[in-house]
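Undergrad: Submitted below is the structure of interest, expressed as structure tokens.
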Amino acid sequence: MGMRDLLSEIASTYDSEAGSRREVPGQQVLRGVASRTDLALPPGFKAQGHGGQTTPAATPWIGVFDERGMRDPKKGLYLAYIFSADLKNVTLTLQQGITWLEEPLGKGRAREEHLRHHAARLRRAVRRREALGWSDEPELRHHAARPRAYEAASVIAKIYDTSALPSEVTLAEDLLQGVAFLRQAEEFDRVWWMSNEMDAVQVAYDLSAHIHRDVASPADFDPLADFQPKDSSEYTAEIKARQQVKLRTHEDLVHDFGLHVVAHGYIPVTRGQHPKDLILKGGPVGDQVSEWLVEAKIVRNGNVTAAVREALGQLFEYRHFLYSQDARPFLVGLFSQEVGVYAPYLEEQGIASVWRDGDGWDGSPRARTWRLTTT
């Protein structure tokens, strides 16, 4: 017995029209998964079968969860064996949780678009092109909202024919590879969800559609259409039962700099860019559309060192996890005041630095070359 026999047994016994009662054979097999000891799962992982509760699942599945991490399939990342509705295929897939998105996005197209958009980001982390024999999505062959969401939520998938399942050894090797993908994607996810998760529930906006489209006149294109920094007014934060009034000086910095660079041929974008502060499109470098990744930092209490360290770490982290190797952006540290000796230090790391200078902007040699400063 083992995973191969389990998958084969589900494919031969499950019947979505037989109901979800405990005595139904296919449901019995799925409910017994959690107590099985013959599945040779990776250390620290547990399996659980899902055949529906009051209504039988159109596409039954087995979740493979990391006991030390996320065990709730409603949210987060996990591995799963999901059967197609006709039971002809079963797919080992790295899945995103789908249920928690029902409230903000509903159960239809908006949720699917969000899931596919984030899945595309996650595939950069798992280096999809290096995963020979793996696909992006399963084909579950059912029109219902949940199977369609499972398809959209798939980051990477290994599809098996249930009539010709591979050996137990091959299944175990694929599962270990799936765990490696999970670990890589979790690190990316940690970066992406580092602030309020609801801010990140956004369908991507493809600026290239504006840059390359045919328009009747240059005036038809608004370079600030997707520059929507947060409100710079004061706001109140609740912190452990006390109120604290904060100033959005960070948002002011992004707002003012974005308006400044438009005059130099850049298109500033904040919409759909979480957790990045700002990206710049266009610009004066070459004939092709380039991208500048900008991290903004307020120098607090004169502590330039802390601001530079934070900007440096986040720029490198975002570049590594949010961009593919062949689409790396230029890097810019944006500061509320001059960073002194740290300007040449950042230059050595390939990072331009820009800071407020009275009513204008000054910066490092690289920033001047890129026309990010006032002069």
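Each value in this text was obtained by applying a stated rule to the coordinates, not by laboratory testing. These numbers were taken from a predicted model, which means no experiment stands behind them. Cβ sites come from the backbone with ideal geometry, for glycine too, and all protein chains shown count toward neighbours.
Undergrad: Would you kindly give the portion of the calculated P(r) for the range 1-154 that falls above 24 Å, as a percent of all Cα pairs? Let's see the in-between values first.
TA: Values: 3838 of 11781 pairs.
Summing the P(r) tail past 24 Å for the range 1-154 gives 33 percent.
Undergrad: May I ask you to derive the FRET efficiency for R31 and E187 from their Cβ-Cβ distance with R0 = 25 Å, giving the value to the nearest 0.05? Let's see the in-between values first.
TA: Values: r = 34 Å, r/R0 = 1.34.
The value I calculate is 0.15.
Undergrad: Within the set of other residues whose C-beta is less than 15 Å from the C-beta of G2, count the net charge using Lys and Arg as +1 and Asp and Glu as -1.
TA: Surrounding charge for G2 is -4.
Undergrad: Let me ask something else about it. Rounded if a/c is under 1.5, else prolate if a/b beats b/c, else oblate: with a ≥ b ≥ c from the C-alpha gyration tensor eigenvalues square-rooted, which is the range 101-158? Don't jump to the answer; show the numbers that get you there.
TA: Details: a/c = 3.97, a/b = 1.58, b/c = 2.51.
Because a/c hits 1.5 or more and a/b fails to exceed b/c, the range 101-158 counts as oblate.
Undergrad: Beyond a 30 Å Cα-Cα separation, which of these cross-linked pairs lie in this structure: K75/K281; K107/K281; K158/K281; K107/K276; K46/K158? Can you show the working numbers first?
TA: Details: K75/K281 33 Å; K107/K281 33 Å; K158/K281 36 Å; K107/K276 28 Å; K46/K158 19 Å.
Correct reply: K75/K281; K107/K281; K158/K281.
Undergrad: Another one. Mind listing the long-range amide H neighbours of L331? Cut-off is under 5 Å, sequence gap 5 or more, other chains count too, H placed in the peptide plane at 1.01 Å from N.
TA: Under 5 Å from the amide H of L331 lie the amide H atoms of L293, A352, each far enough along the sequence or on another chain.
Undergrad: At 7 Å along Cα-to-Cβ for each site, give me the label-to-label distance between R109 and S135 in nm.
TA: Those two pseudo-labels are separated by 2.4 nm.
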